[in-house]
Amino acid sequence: MKLMSGRRYKKDLSDIIGILSEQKRMGEPLGYRQIDCAVKNLYGGWDDISEYAVQVLKAALDSENLKELFMEQEQEEALSKQAVLQVQKYEGEKVKESNVDEVIQKALKKKRDSRDVR
């Protein structure tokens, strides 16, 4: 479910990393084949899963340090949530599931550009 929703401004993706970390800690790590099988059984394939969620999953599966990746993802989610709230408040743009990734990308780019100018 977390992979399918894959919301960048919620804790979906950090939860996935946390689950992978906990499974690894318990000595029962999840691999891509298990996840691929579950995605195909539950959703019929990967078509409806966002590219960003797939990137985060692959990074987590390849990571040697899931705790660090978890903290980085939590920080990214907090920034994304803040970006969505700022856009809604200051720009009056309506944020919906259909445009949330675009809104986040635009806001984060604007934030990075303003830092580069300084």
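The table below lists the values:
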| item | result |
| --- | --- |
| Structure-derived percent of Cα pairs over 17 Å apart - corresponding label in (1) 55; (2) 59; (3) 76 | (2) |
| Where labels lie 7 Å past Cα in the beta-carbon direction, separation of Lys58 and Met1 in nm | 2.8 |
| Per residue solvent-accessible surface (Å²) - the chain, probe of 1.4 Å | 69 |
| With eigenvalues of the C-alpha gyration tensor scaled by 5 and rooted, region 78-117, Å | 17, 10, 9 |
| Rough spin-label spacing in nm, given labels placed 7 Å along Cα→Cβ, for Glu74 and Glu28 | 2.4 |
| FRET efficiency, 1/(1 + (r/R0)^6) with R0 30 Å, evaluated for Ala38 and Lys94 via beta carbons | 0.35 |
| Packing rank of 26-38, 73-85, where each peptide gets the mean count of other beta carbons within 10 Å, highest leading | 73-85, 26-38 |
| Rounded to 10°, Cα long-axis angle of helix 51-62 versus longest principal axis of the chain | 50 |
| DSSP-assigned coil residues among GluC sites (Glu not before Pro) in region 1-72, each with at most 13 further Cβ atoms within 10 Å | Glu64 |
| Most mobile listed residue (Asp47, Asp12, Asp101) in the chain, GNM with C-alpha springs under 10 Å | Asp47 |
| Links that overshoot a 31 Å alpha carbon limit, given the list Lys10/Lys109; Lys24/Lys110; Lys40/Lys111 | Lys24/Lys110; Lys40/Lys111 |
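The values are calculated or read from the model by the stated rules, or taken from the named source; none is laboratory data. This is a predicted model, so every value here is computed, not measured. As a convention, Cβ positions derive from the backbone with ideal geometry for all residues, glycine included, and neighbour counts pool all protein chains shown. Quick note on the areas: whole protein, heavy atoms, side chains included, nothing else; ligands and nucleic acids left out. Shrake-Rupley method; radii C 1.70, N 1.55, O 1.52, S 1.80 Å.
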